[in-house]
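In what follows, a structure is listed as structure tokens, so that the remarks can point back to it.
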Amino acid sequence: MHPFLRIINRFLTLILVAAGIGVGSLYFLKVQFDKPGPLETAKVVVIPQGRGVSAIGEQLENEGVIADRRIFVTTSLYFNYLKDNSTLKAGEYEFEPGTSMRDVLDKLVEGKSIRHKVTVAEGLTSQQVVRKLLDHPELTGEITEIPPEGSLLPDTYLFRRGESREDILKRMAQAQQVFMAEHWKNRASDLPIDTPQEALILASIVEKETGVDEERPQIAAVFENRLKKGMRLQSDPTIIYGLVGGEGKLGRRILQSELDKKTVYNTYQIDGLPPTPIANPGRSAILATLNPAETDALYFVANGTGGHAFAASLTDHNENVAAWRRIQRQREKEEEEREAQEGAASTDEPGVDGDAEAGLAASAGIPAEGGGDGQPPLPKRNPKLDAAP
């Protein structure tokens, strides 16, 4: 064979061998890339901020999510996973048993991290909301200031581990603004309130007066009928807010002296609305306030079934009050009989333990000996933020 042809033959052979090796390597990488991973049980892995592909691959190998970090790094580059400046995103990820490298990379590139949630119930004060966020272990950061009362929309909010508490508050405030702006323009035409802030104030009272969704339009109508007639609202929750503020609960019955004392939140003593909301109302209470039921009712009282009895006249209302008091007396009698039976059946020595004493003290409005509740201090409230417009 001619020497030149021999050289050409060898060159072509080398090319074919190299191509074969390349195809084989590619096939090997693809098989490794798509085959089930080594995980036998689901595993949660937290990828810190600022880690590169190599460091993430090493972490995933150490955690048992992938079998070989070198293949992980190579395939992430070869299969163009990091094109268009894409990065592997930090976060908290859950990997199922047998998750392949392809699925691992898909999840990290798209940032499909675990979503946590925090549920803020309707009727909580801003201080109670702040306390709830401070107690949530997956949230980070401090809260510098308690938001204005009524400025937060109760809901379930999803977030990723490491999101700041301030960000959640901003989302809640924005959601409230959007919701109020959307529904304020569709309010009833004859409302005795002039601004969205006044609507929030009244909605917060409606929220605290009943937990029954179906009743809220009627409760709102009673208060709005009273405002139209120049009658005072006479709402117990406003007195409680004036006494305990953002703490939320009084823990005992309202005293007659507290009913008689004139404060800016005592709607038995002041005309119109209190200066600020007394809680953060939910969607149902806001909608009921903006579009109340059509009724002449001016009064309501508990009916013993979790709801209320409504009346348009004082005479009818007094009858409803008398019926409610009969129910109360019957319940008190049954409770006394039950306690007497339990006392007779008990063989324990009489006495009250320390926890019970603290509970009794708290229910009477007296701080238990020893002071604080062991919780971190709340941020300060800015009084200017709660001022009525």
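The values are calculated or read from the model by the stated rules, or taken from the named source; none is laboratory data. Every value quoted in this text rests on a predicted model; they were computed, and no experiment measured them. So basically every Cβ, Gly included, is an ideal-geometry build from the backbone, and we count neighbours across all protein chains shown.
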Taking region 243-267 and keeping residues modelled with pLDDT of 95 or more and either in contact with a strand residue (DSSP E or B) (Cβ under 6 Å, 6 or more places away or on another chain) or not polar (S, T, N, Q) (or both) leaves VAL264, TYR265
Just to be sure, is ALA55 at pLDDT below 65 and part of a helix (DSSP H, G or I)? no
Just for region 248-296: of the residues that are among the charged types (D, E, K, R), touching a helix residue (DSSP H, G or I) at 6+ places or on another chain (Cβ under 8 Å) and more than 21 Å from SER126 (Cβ to Cβ), which one is surrounded by the most Cβ atoms within 10 Å (Cβ to Cβ)? GLU258
Failed condition for ILE219, given (1) out of contact with any strand residue (DSSP E or B) (no Cβ under 8 Å at 6 or more places or on another chain); (2) modelled with pLDDT of 95 or more, with all others met? (1)
State all residues of region 306-337 that are in contact (Cβ under 8 Å) with a residue 60 or more places away in the chain and under 16 Å from ALA221 (Cβ atoms); if no residue qualifies, say none. GLY307, HIS308, PHE310
Looking at region 165-173, is at least one residue farther than 30 Å from HIS116 by Cβ, among the small types (Gly, Ala, Ser) and at pLDDT 95 or above? no
Which numbered condition GLY123 misses (of (1) over 24 Å from ARG161 (Cα atoms); (2) at pLDDT 90 or above; (3) assigned to a helix (DSSP H, G or I); (4) not aromatic (Phe, Trp, Tyr)): (3)
Where ASP271 falls short, out of the listed (1) closer than 19 Å to HIS308 by Cα; (2) part of a loop (DSSP other than H, G, I, E, B); (3) among the acidic types (Asp, Glu): (1)
Quick check on region 146-176: of everything there that is exposed (fewer than 14 other Cβ atoms within 10 Å of the Cβ) and touching a residue at least 12 places away in the same chain (Cβ under 8 Å), which residue is nearest to SER126 (Cα to Cα)? THR156
Counting only residues that are under 30 Å from THR119 (Cβ atoms) and not in a strand (DSSP E or B), how many does region 282-320 have? 17
Just one listed residue, out of SER126, SER100, is more than 18 Å from ALA279 (Cα to Cα) and of a type in the set (Ser, Thr, Tyr), and it is SER100
